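Take a look at the structure below.
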Amino acid sequence: FKLNRPEEADEYYQIAINTLKKKVEDNNYKLITVYLNYGNFCIHTGEKNKGLKYLNKALSIAENSFGFKHPRYSSILLSIGKFYFKEGDYRFSLDYYQKALIGIIEDFNETEILINPEPGCKSLYDIRFLSILKEKAVALWKLAAELNEGEEINYLKKSLETFEQSID
């Protein structure tokens, strides 16, 4: 793909997917990475619906294979959140970032987007945790710009707090 030959890359992704599917069942965890990468590839090349379909396939397999408290599950949620962020749907992206946080933090289950895990919480994967916080902070900041003055300040404060937490 980086060689600027997306048609050829798509062909090789299809070969990889079909070859792997001949060797494993449709819901085998070994398909997660190829589905995640192919989904992101499709989105990058403008096939958004197809890309989202493959991201959701990867998500379903990850949930069935590992549960929703796992770094792989969290990484897929992060990718879906980034997709919605690029689409300008900041509120929906925040829902996915929040789910990604839930998936990476052992004792965190809060679905409210304005609530973050406590500083010093136990993360299953620290680098991903910081990445999710950064993405969430930016999405909160972008969403604040779309809100009225009364709501805007809460989201801006939470964005700043989330940025600060990601660098502490």
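The values are calculated or read from the model by the stated rules, or taken from the named source; none is laboratory data. Since the model is a prediction, treat every value here as computed from it, not as a measurement. For neighbour counting, all protein chains shown are included, and Cβ atoms are generated from backbone atoms with ideal geometry for every residue, glycine included. Surface accessibility is based on the protein's heavy atoms, side chains included, excluding ligands, DNA and RNA. Shrake-Rupley method; radii C 1.70, N 1.55, O 1.52, S 1.80 Å.
All other residues with a Cβ under 13 Å from the Cβ of Glu63 taken together, and with Lys, Arg as +1 and Asp, Glu as -1, what is their net charge?
Numbers: positive: Lys57, Lys69, Arg72, Lys99; negative: none.
After counting each charged neighbour, the total is +4.
Once phi is turned into ³J(HN,Hα) by the Karplus curve 6.51 cos²θ - 1.76 cosθ + 1.60 with θ = phi - 60°, what whole-Hz value does each residue of the stretch 16-30 show in order, with x for glycine and proline?
4, 5, 5, 5, 5, 5, 6, 9, 10, 5, 4, 10, 6, 4, 5
Roughly how much of Thr33 is accessible, in Å² to the nearest 10, using a 1.4 Å probe?
Spelled out: Thr33, probe radius 1.4 Å, area about 70 Å².
Compare His70, His44 by solvent-accessible area with a 1.4 Å probe and give them largest first, with all protein chains kept in place.
Values: His70 50, His44 130 Å².
Sorted by accessible area, descending: His44, His70.
Treat every Asp and Glu Cβ in the stretch 50-168 as -1 and every Lys and Arg Cβ as +1, leave all other atoms uncharged, and give the resulting dipole magnitude about the Cα centre to the nearest 20 debye. All intermediate terms of the calculation are to be shown ahead of the outcome.
On the way: 16 positive and 18 negative charges, 155 e Å.
So the magnitude is around 740 debye.
Any chance you could list the semi-axes, whole Å, largest first, of the equivalent ellipsoid that the Cα gyration tensor gives for the chain, using √(5λ)? Numbers along the way, then the final one.
Numbers: eigenvalues 193, 75, 29 Å².
Over the Cα atoms of the chain, the semi-axes work out to 31, 19, 12 Å.
Any idea which of Gly81, Asn18, Phe92 is furthest toward the positive side of the dipole for the stretch 1-142, if Lys and Arg beta-carbons carry +1 and Asp and Glu beta-carbons -1?
Farthest along the dipole direction, towards plus: Asn18.
Rounded to the nearest whole Å², what accessible area per residue is found for the stretch 69-159 with the 1.4 Å probe?
Values: 4510 Å² over 91 residues.
I get 50 Å² per residue for this part.
Sorting Ile115, Ile43, Ile105 by accessible area (1.4 Å probe), largest first, what list results? Before the final figure, lay out each step's value.
On the way: Ile115 70, Ile43 35, Ile105 5 Å².
I get Ile115, Ile43, Ile105, largest accessible area first.
Can you pull the Rg over Rh of the stretch 83-168, Cα-only, Kirkwood?
On the way: Rg = 12.2 Å, Rh = 12.8 Å.
That ratio is 0.95, to two decimals.
What list of ³J(HN,Hα) couplings, whole Hz, do you get for the stretch 88-100 from phi and the Karplus terms 6.51, -1.76, 1.60, once you set θ to phi - 60° and write x for glycine and proline?
x, 9, 5, 5, 5, 4, 5, 4, 6, 5, 5, 4, 5
With every protein chain present, what accessible area does Leu20 have (1.4 Å probe, heavy atoms only), rounded to the nearest 10 Å²?
Accessible area of Leu20: about 40 Å².
Can you tell me which lysines have their Cα less than 19 Å from the Cα of Lys30? Leave out same-chain residues fewer than eight positions away.
Lys21, Lys22, Lys53, Lys57, Lys69
Relative to the longest principal Cα axis of the chain, at what angle does helix 149-167 sit, 0 to 90 degrees, rounded to 10?
With both axes taken from Cα atoms, the answer is about 70 degrees.
Arrange the residues Asp89, Asp126 by how much accessible surface each exposes, largest first, with a 1.4 angstrom probe. Could you put the intermediate results ahead of the total?
Numbers: Asp89 65, Asp126 100 Å².
If we order Asp89, Asp126 from most to least accessible, we get Asp126, Asp89.
Tell me the carbon and sulfur percent of the accessible area for the chain, rounded to whole percent, probe radius 1.4 Å.
Working: 4760 of 9580 Å².
Using a 1.4 Å probe with all protein chains present, the chain comes out at 50 percent carbon and sulfur.
Using just the helices of the chain, give the 222 nm mean residue ellipticity in deg cm²/dmol: DSSP H runs with n ≥ 4 each add -39,500 (n - 2.57), and the total is spread over all residues, rounded to 500.
Details: 7 runs with 120 residues, N = 168.
Calculated at 222 nm, the ellipticity per residue is -24000 deg cm²/dmol.
Could you tell me how far the Cα centroid of the stretch 122-160 sits from the Cα centroid of the stretch 1-41, in Å?
If you average the Cα positions of each part, the centres end up 32 Å apart.
Report Glu112's accessible area, 1.4 Å probe, all protein chains in place, as a number in Å² to the nearest 10.
Looks like 80 Å² after rounding.
When only Cα pairs under 8 Å and 6 or more residues apart are kept, what is the percent relative contact order across the chain? Please list the in-between numbers first.
Details: 212 pairs, mean separation 23.1, N = 168.
The value is 14 percent.
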